[in-house]
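Have a look at the structure below before the remarks.
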Amino acid sequence: MKKVRIAVLCSGGGTNLQAILDAQAAGKISHGEVVLVVADSLGAFALERAKRCGVETAVFDKKQFPRTEREAAILACLKAHGTELIVLAGFMTVLSADFVKEYEGRILNIHPALLPSFGGVGMYGLHVHEAVLARGVKVTGATVHFVTEECDGGPIIAQKAVRVHAHDTPEKLQQRVMREAEWVIYPKAIEKVCKGLK
Ligand code: GAR
């Protein structure tokens, strides 16, 4: 069976990428295959994780490429690798409407909160967990969704709730949301979408 060719876009540590690669190695992603990892930062540890798993990598560093050129270069690279599905995993640049149009319905993102709460421009990484704690909500979580022109506004594919604890710090909460929700739901959602595309 021909598998959906997946490219994962990362900016940092790449723990979600790792969860995806582990799920693939365990046979839990059978309808898709990660063929490329793209980073927008030379120092992204995600690149190391990809190399360790024998996955091809490409870097278009933010410091070298202005945004428009970077997007064009990433798009050309994705096409050259025959990418059919783009998976954003801690990719910290909002994609332009033109980019999204090129892969309409074929870009997934994971957000570290229960959208539509705590989403939108400026809500990424640790900032999300800081906002959650500042607002005093008792339940947060993670959301996998399709990417559209609207930042964090696309159709929701999967969500999982995570309890906020009384003495949480943003860092502790981030770790719990990753462990209990993100690393669990993202591989499953990717498999589901790949199955639907085939
Ligand atoms: C994850 O928590 C992910 O949900 C979040 O950044 C972290 C990346 O960690 N993404 C966003 O905030 C996107 N708006 P990772 O590099 O270890 O996967």
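Tell me yes or no: at least one residue of segment 99-112 is surrounded by fewer than 21 Cβ atoms within 10 Å (Cβ to Cβ) and either within 12 Å of the ligand (Cβ to nearest atom) or of a type in the set (S, T, N, Q) (or both). Checked against the condition, which is being surrounded by fewer than 21 Cβ atoms within 10 Å (Cβ to Cβ) and either within 12 Å of the ligand (Cβ to nearest atom) or of a type in the set (S, T, N, Q) (or both), segment 99-112 yields no hits at all. Contact annotation: residue pairs with Cβ atoms under 8 Å, 6 or more positions apart or on different chains, pairing a residue in segment 121-139 that is within 18 Å of Gly13 (Cβ to Cβ) and assigned to a helix (DSSP H, G or I) with a partner that is within 12 Å of the ligand (Cβ to nearest atom) and of a type in the set (Asp, Glu), are Leu126/Glu171; His129/Glu171.
Considering each residue of segment 62-85 in turn, none proves to be more than 11 Å from the ligand (Cβ to nearest atom), closer than 23 Å to Glu180 by Cα and crowded, with 18+ Cβ neighbours inside 10 Å. How many residues, within segment 1-60, are within 14 Å of the ligand (Cβ to nearest atom), surrounded by fewer than 20 Cβ atoms within 10 Å (Cβ to Cβ) and either among the aromatic types (Phe, Trp, Tyr) or in a loop (DSSP other than H, G, I, E, B) (or both)? Within segment 1-60, residues that are within 14 Å of the ligand (Cβ to nearest atom), surrounded by fewer than 20 Cβ atoms within 10 Å (Cβ to Cβ) and either among the aromatic types (Phe, Trp, Tyr) or in a loop (DSSP other than H, G, I, E, B) (or both) number 5. Total residues in segment 163-186 satisfying the condition of being surrounded by 20 or more Cβ atoms within 10 Å (Cβ to Cβ) and closer than 21 Å to Lys28 by Cβ: the figure is 6.
Each reported figure results from applying straightforward, stated rules to the coordinates on display, with no laboratory input. What you see is a predicted model, and the numbers here were worked out from it, not measured in a lab. Cβ sites come from the backbone with ideal geometry, for glycine too, and all protein chains shown count toward neighbours.
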